[in-house]
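Novice: One structure is given below, represented as structure tokens, and several questions about it will come after.
Every read-out reported here was derived from the displayed coordinates using simple, explicitly stated rules and does not represent laboratory data. Treat the numbers as computed from the prediction; the structure is a model and nothing was measured. Virtual Cβ from ideal backbone geometry, glycine too; neighbours counted across all protein chains shown.
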Amino acid sequence: MPKRRNTGLKVYNRFYGSVKAVLVCWIIVMAFSGCGDRKAESVRRRSGEDSMFAPGRVEIRQENRFALLLNVKDSLYIIGRVDSGQTAYLLNNETGDYLKCTTGDSLTYFEELSGVNWTLTPLSPQPGSLERFDLCYLESSAFQYRPVEKIAVADAEFVSDLDQQIKISGYIDTLLAYDDAFVTDSLVADSLPSIARIDIPGQEAFVVSYSYMGHLSGPRLAIINNKVFPATGPCSYEYFYPFRIGDRFFIQTGSSCCECGWVIDQVFEIANNALFLVFQDDSYST
């Protein structure tokens, strides 16, 4: 799992990160709310072909159950204010490990190097390894959690056909438009994606990840029952972790602005043949 920032080790500009977050989130909302459909239609007209996929629109419905974690002076805290006495589960969606904790009284921590006041919520007990967890889920009822298997698609013909249909749809252009000064469509035009099938009963779900320059993680899309959804990009996190809580299916991932230290952690939910953005936080930006 990616190493999370230990405060006091890096100086970062929170103002720049906040401005970048607002700008990129606005672009994402525009893409999800219809601009992506118009661009996709433009690409289809240029190509003279129709995609087998129906256009999907990611709906944003932020939940307060998820939160990021921060290591401060060898203790792990929830980023943000949470009521004292709540049950919090620390998650490692790569290994499936989790730890049940209880929240304490929120506090303010002043980081001298950056001049930032953090609002943090302490946890007890503390995990034995502070780098073991990076995501928190607040849940007071019975907790049923497990990672969901992702199965790599090895059929080269299937991957090639799916790639062509995705490129006809125009959604790669939409994702690259987030930061097109750095990543252009020519960098992924001739590349084939890696495709993983997500094991969700009753739904045919795939995660499609492109790379550029041969090794860097590029735009990522989801295909759910023949609907294509732009998810992250142009510089997505290398990892994505499907997981299940109760009868709900999620994907933990994120993306960055490519040329700077701004990053955004995200959790998507797959439900009702659609993709929903239920959590995003740029607190790990540098």
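Novice: Find the eigenvalues of the gyration tensor of the Cα atoms of region 221-286, then list the square roots of 5 times those eigenvalues as equivalent ellipsoid semi-axes, largest first, in whole angstrom.
Specialist: After diagonalising the Cα gyration tensor, the semi-axes are 23, 14, 8 Å.
Novice: Now for a different question. What is the distance in Å between the Cα centroid of region 130-147 and that of region 80-94?
Specialist: With region 130-147 and region 80-94 each reduced to a Cα centre, they are spaced 7 Å.
Novice: When only alpha-carbon atoms count, how far does region 66-143 stretch along each of its three principal axes, as whole angstroms with the largest first?
Specialist: Reported extents, whole Å, longest axis first: 39, 25, 19.
Novice: Can you list which of the chymotrypsin sites (Phe, Trp or Tyr not before Pro) found in region 205-267 are DSSP loop residues with at most 14 other C-beta atoms within 10 Å?
Specialist: Counting only loop positions with at most 14 other Cβ atoms within 10 Å, the chymotrypsin sites (Phe, Trp or Tyr not before Pro) in region 205-267 are 239.
Novice: Another question about this same structure. Placing +1 at every Lys and Arg Cβ and -1 at every Asp and Glu Cβ, with all other atoms neutral, what dipole size does region 66-143 have around its Cα centre, in debye to the nearest 20?
Specialist: Charge dipole, region 66-143, about its Cα centre: 140 debye, nearest 20.
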